[in-house]
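In what follows, a structure is listed as structure tokens, so that the remarks can point back to it.
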Amino acid sequence: MEQPETRRKWDDRWREHQGPGQPARVLAENAHLLPASGEALDLACGLGGNALLLARRGLRVRAWDLSGVAVERLRAQARAEGLPLEAEERDVCARPPPPGAFDVIVVAHFLERHLAPALVAALRPGGLLYFETYTQEALSPSGPGRPEWRLAPGELLELFRPLRPVVYREEGLMGDLREGWRDKALLVAVKDPARRGGPLPEGWREEPWRRA
């Protein structure tokens, strides 16, 4: 699908959505692990439920999404609450975050496997990644219809192997299917303080806001 078509699809979806965005379970249930301050990124933010939670916790937040409709609604909500949040319309596949830019990165319901190394590099030493999305082993029809847009069993840990898992949950189709948390996997992982971002790859430019 071409990017203009993707943008229109998400613009239409968010235009119809009522109310502000809600945080993903991976962040809402593990917000106690967040640092007291720092730079945070809500990547492919949608209506920014994760970004709003991060900003309310005192972090300086950037939120990126392809949908201009979602970005404008998030900006309005942040202004209404006086939150330290900057939302930007951005193709995160073409312009991933630069190395060493963030203390916290949150990604929910967005799976672009080739971005995993860039996300690891974008974390500062001791930084946290919060990630949640749909799995191929699922009970309900919710989520993407194509298997390649879902995680294979155990794949989430493999994608972010350079990070140390702190919280991980993926129940698949094991045990009593009437109980538990199904259809998704979640991960909170930390970057070893010994791992540093390194120089910008050739052809990348430093974002002006990083020098502010």
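Restricting the range 129-156 to residues that are of a type in the set (D, E, K, R) and touching a strand residue (DSSP E or B) at 6+ places or on another chain (Cβ under 6 Å), the residue that is farthest from His32 (Cα to Cα) is Arg150. Applying the criterion of being hydrophobic (A, V, I, L, M, F, W, C) and part of a strand (DSSP E or B) to the residues of the range 54-99, the residue that is farthest from the chain's Cα centre (by Cα) is Leu85.
The rows are residues; the columns are (1) among the polar types (S, T, N, Q); (2) surrounded by 16 or more Cβ atoms within 10 Å (Cβ to Cβ); (3) in contact (Cβ under 8 Å) with a residue 60 or more places away in the chain; (4) more than 23 Å from Asn30 (Cα to Cα).
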site: Val120; (1), (2), (3), (4): no, yes, yes, no
site: Leu123; (1), (2), (3), (4): no, yes, yes, no
site: Pro144; (1), (2), (3), (4): no, no, no, yes
site: Gly154; (1), (2), (3), (4): no, no, no, no
site: Glu170; (1), (2), (3), (4): no, yes, no, no
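Give the range 103-117 a look and list any residue that's more than 12 Å from the chain's Cα centre (by Cα) and either in a strand (DSSP E or B) or surrounded by 20 or more Cβ atoms within 10 Å (Cβ to Cβ) (or both), or say none. Answer for the range 103-117, where residues must be more than 12 Å from the chain's Cα centre (by Cα) and either in a strand (DSSP E or B) or surrounded by 20 or more Cβ atoms within 10 Å (Cβ to Cβ) (or both): just Asp103. With respect to the conditions (1) polar (S, T, N, Q); (2) over 19 Å from Thr133 (Cβ atoms); (3) touching a helix residue (DSSP H, G or I) at 6+ places or on another chain (Cβ under 7 Å), Ser37 falls short on a single one, namely (3). From the residues in the range 122-148 that are under 21 Å from Asp65 (Cβ atoms) and hydrophobic (A, V, I, L, M, F, W, C), which one is nearest to the chain's Cα centre (by Cα)? Residue satisfying both the conditions and the ranking: Phe131.
Scanning the range 121-151 for residues that are over 18 Å from Cys45 (Cα atoms) and at pLDDT 95 or above yields a total of 5.
Report whether or not Arg57 is of a type in the set (Lys, Arg) and in contact with a helix residue (DSSP H, G or I) (Cβ under 9 Å, 6 or more places away or on another chain). Yes, satisfied. Say whether the condition of being over 22 Å from Tyr168 (Cβ atoms), surrounded by 14 or more Cβ atoms within 10 Å (Cβ to Cβ), modelled with pLDDT of 95 or more and basic (Lys, Arg) is met by at least one residue in the range 38-56. Within the range 38-56 (the criterion being over 22 Å from Tyr168 (Cβ atoms), surrounded by 14 or more Cβ atoms within 10 Å (Cβ to Cβ), modelled with pLDDT of 95 or more and basic (Lys, Arg)), the answer is yes, since at least one residue qualifies. Restrict the check to the range 67-80 and report whether at least one residue is crowded, with 21+ Cβ neighbours inside 10 Å, within 25 Å of Arg169 (Cβ to Cβ) and either hydrophobic (A, V, I, L, M, F, W, C) or touching a residue at least 40 places away in the same chain (Cβ under 8 Å) (or both). Within the range 67-80 (the criterion being crowded, with 21+ Cβ neighbours inside 10 Å, within 25 Å of Arg169 (Cβ to Cβ) and either hydrophobic (A, V, I, L, M, F, W, C) or touching a residue at least 40 places away in the same chain (Cβ under 8 Å) (or both)), the answer is no, since none of the residues qualifies.
The values are calculated or read from the model by the stated rules, or taken from the named source; none is laboratory data. In this text, all values refer to a predicted model and were calculated from it rather than measured experimentally. Glycine also receives a Cβ, built like all others from the backbone with ideal geometry; neighbour counts cover every protein chain displayed.
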